[in-house]
Structures are given as C-alpha cells and as structure tokens.
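Input: a single structure, listed below in structure tokens.
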Amino acid sequence: MLLGLPRTTLAGPVRAPSHPSQVTLRTAFTVCFAVAATAALVIFILRTRASLTLAACAAMVAVALNHLVHFLQRRHIKRGWAIALVMVGALLLVAGVLLLVIPAAVSQGRALVEQVPKLLETIRQGRVFNALDRLFDIEQAFRNALTKGDLAQAGASPVLGAIGGVLSAMAGAATMGALVVFMLVFGPGLLANFFEQLDVEARSRWQRISSRTYSSIGGYLGGLLVICSLNATLTTICLALLQLPFFLPLGILSGFSSLIPYAGPVTVAILVTVLTLLTSGAVKAAFVVGYFLLYGQFEGNMLGPYIFRRTVHLDPLVTLLAILLLAEFMGVVGAIVAVPVVAVAQVVLRDLLVDHRQRRTGEYRAAGRPE
C-alpha cells in the first residue's frame, strides 16, 4: 500500500495471503537436527576411514568366499564345516603362493634396490634429465633437501617407517581375517534379523536388492581374480623370456595393477618400460611396449568389458569417475573398492527407481489417466 491506497496490477488488486506461515518450531528443529546429524556422519566417516576401508575389504573377501561356502553347502556339508574348510583352504593357498613366490621376489627385489643408485646415475647422465635440470635445477633442489635435515635421522626414518608398515600390515591382515570369519558366521543371521523387522513389501524389495548385489559383487571379484592371475602370469613369462632382471617382482606388481581398472595397468606398464630401458636397452624396451599394448587391448577390450557388463553392468566412464573420486578420498584402497561400491549404489538406485515407476503407473491406472 502506497499513501493509503491499495496496490493494484493490471489483473486487479493484489491480496495478501490469508494463511499463516507453515514454518513451525518443530520443522526448524527437525531441519537443524538433520543438518547436525549429516555433519556428524561426515566427520565420523573422515575420522574412521581406515577402519571403514578395512571393513569394506573384509566384506568383499567374505562375499567372494561365501560363494564357495554355498557350493559346499549344496554338497550337503553343514555351513560351519564349509566355512572351516574354505578358510583352511584359503590359508593354505596363500601360504603356498607365498612360499613359492616370496623368496624369489624378495631376492630380486633386494637386487633391484641395490641397483637403484646405478639407475639414478644413468638417469642423471641422460639427455632428458640434463635438459630438465637446466630448466628447473632439479639436482640442486635435491641436494638442498638432503642437506637441510639430519642425515642420521634421514637414514633411520625409512627403516622405522618400513618396520612400522610391516607391523601395521600384519595387524591389518589379522584383523581382516577375523572380520571375514565373523561375517561368514554371523552375517547371514544378521541380515535375516534385519529383514524380519521390515514389512512385507520392504522386505521383498531389500531381499531382492541384497540378492542382486551378492551375485554382482561375487561375479566381479571372481572375474577380477582371474584377470589379476592372468596378468601376473603372462607378464612374468614375457619378462623372463626377454631375460630381464627383476622379472618376478615386476610381474607380480603388474598382476596387482589390474585391481585398479584402466589406470593401474597403464601406470605399471610405463614403470616396467622405463626400468627395461635403463637396464636392458631400447630393443627390449620396445618389445615390452609391444607386449603391454597387446595385453592392454586384450584386457581392456575383451576381459574387462566382459566381466563388467556381465556382473556389475557399469559404463566405463562411470567406472573411471568412481575410481578417480574414491582414490582421492581413500587412496589406493578406494580405487580398488570403487567398482563394487558403485555397483551396489547402482543396484539400489535402479531398484528404487523401478519401484517408484511402478507405483506411479499403478496410480495412473487407478485414476483412469494415461501413463
């Protein structure tokens, strides 16, 4: 109102709304509580990333082993005995592989470490390094970094770090093994109790989601194990035929690189090629490049897409984005668990969207309207 006159428009006078504000104290409290709960959840996740990562890895291993447990159960073996047989078999398999591979890998790895100074000197005398050194003064910066700290402390820190890393890895492996056993023993009962608390419709939906998730992750992990084993075997054979030093640790590293789709094999291929160039010359490095190109085409265009499409049904772009985001959040482990995590999210979202579409279709039909 201006000068006591009512405000009007071309369509007529504008009337103030007659209903009071719908924002009540209860609504404001609910919104504030939701925001606080979300912030607390984010802080909790950030502070417990290591434990959550360990639990996620244990869950993946438990899902993979549970398929073997079900296989034994179908052979009329009780679940308790089936779990014991699977765990004993897994431990024997891991111990056998370690006894066969680790001694030779450690020996060649020690030789590789001893060759590092010679390799660095070769790099230092190369034309590429000299050109970069003239532009960025790399060598002087490296010397300054060494002279700023105590040399004794600089030599002791890597040793202490290595010892701490080994102890942490052993503790993590023991913890993950215990988690796997507990998940196999108590996981099905826990899920059954959770489903019993839901109504009939929600129970049917979440049982369907869990079944699809279980099949998807199990198939993905089984296929990934085949890819990693094939990668390690073929790469080791190729490097051994080329009579390259350190072929066994490099072959094992190449096998583990397949745990990170797309990015892992490319990174290891570059590393192995550079080491071959420095230790065995350009000719063998060219053969290594040719091998990795051929194997990359085989894994990237045949094995990988077959497994992803038949198990998790993920688009390659979605897979790559998931790897990048979770690697930024959780490091290497995040890149490893990215595909199963996104696969689970896709299964849940797809089922919820299908259920929503069916509800809307039913409402339209009940109202006599076209869909």
Checklist entry - Which length gain, in nm to one decimal place, applies between ILE209 and THR267 when the Cα-Cα distance is subtracted from 0.36 nm times their residue separation? => result 17.3 nm
Checklist entry - Rounded to a whole number of µm²/s, how large is the Stokes-Einstein D of the stretch 240-371 at 20 °C and 1.002 mPa s, given Rh as the Kirkwood radius over C-alpha pairs? => result 121
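What is the gain in length, in nm to one decimal, between LEU230 and ALA39 on full extension, counting 0.36 nm per residue of separation less the C-alpha to C-alpha distance? Don't skip to the answer; put the middle values down first.
On the way: separation 191, 0.36 × 191 = 68.76 nm, distance 4.41 nm.
So the chain would gain 64.3 nm between LEU230 and ALA39.
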Checklist entry - Taking only protein heavy atoms and a 1.4 Å probe, what accessible area per residue, in Å², does the stretch 191-232 have with all protein chains in place? => result 56
Checklist outcome for this item: So VAL97 and HIS70, fully extended at 0.36 nm per residue minus their Cα-Cα distance, gain in nm 7.2 nm
Checklist entry - With every protein chain in place, what's the accessible area of ARG350 (1.4 Å probe, Å², nearest 10)? => result 120
Next on the checklist: I need the per residue convex hull volume for the stretch 227-312, using only the alpha carbons, in cubic angstrom as a whole number.
Outcome noted: 71
Checklist entry - Under a point spin-label approximation (7 Å from Cα along Cα-to-Cβ), what is the PHE182-ASN301 distance to one decimal in nm? => result 4.8
Checklist entry - How much solvent-accessible surface does HIS313 expose, in Å² to the nearest 10, with a 1.4 Å probe and all protein chains in place? => result 100
Checklist entry - What ranking, highest mean first, results for peptides 269-277, 204-212 when packing means the other Cβ atoms within 10 Å averaged over each residue? => result 269-277, 204-212
Checklist outcome for this item: Check: C-alpha center the stretch 251-284 vs C-alpha center the stretch 292-357, spacing in Å is 23
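The values are calculated or read from the model by the stated rules, or taken from the named source; none is laboratory data. Only a predicted model underlies this, so the values are computations on that prediction, with no experimental measurement involved. Every residue, glycine as well, gets a Cβ built from its backbone with ideal geometry; the counts of neighbours run over all protein chains shown. The accessibility values were calculated without ligands, DNA or RNA, using every heavy atom of the protein model including side chains. Shrake-Rupley method; radii C 1.70, N 1.55, O 1.52, S 1.80 Å.
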